[in-house]
Amino acid sequence: MNVPWVEAKDVANVVVFLSSEKCRFVTGSKYVLDAGFSSKWPGQVILIPDFTKTVYKIKSVL
């Protein structure tokens, strides 16, 4: 089975949603952007780098 890559616009759409007024009551949620990998192969180990110790500067788009 081919799993497509997650594109930057997919991540951007989630960021825009989380930044919007529609998301004002959402707290403590995780959004999995894996192009359906976890639904095709449930229970598989997915290695995710630890970005919690990395600080990113994000330019405001507003």
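The numbers here are math on the coordinates, done by the rules we state, and not lab data. These numbers were taken from a predicted model, which means no experiment stands behind them. As a convention, Cβ positions derive from the backbone with ideal geometry for all residues, glycine included, and neighbour counts pool all protein chains shown.
Among residues other than residue 35 with Cβ under 14 Å from its Cβ, the summed charge is -1 (Lys and Arg +1, Asp and Glu -1). What the phi angles of region 24-39 give under the Karplus curve with 6.51, -1.76 and 1.60, with θ = phi - 60°, is a coupling list of 5, 9, 8, 9, x, 9, 10, 10, 8, 10, 10, 6, x, 4, 5, 7 Hz, glycine and proline written as x.
Which shape class applies to region 1-43: rounded if a/c is under 1.5, otherwise prolate when a/b exceeds b/c and oblate if not, where a ≥ b ≥ c are the square roots of the Cα gyration tensor eigenvalues? Here region 1-43 falls in the oblate category.
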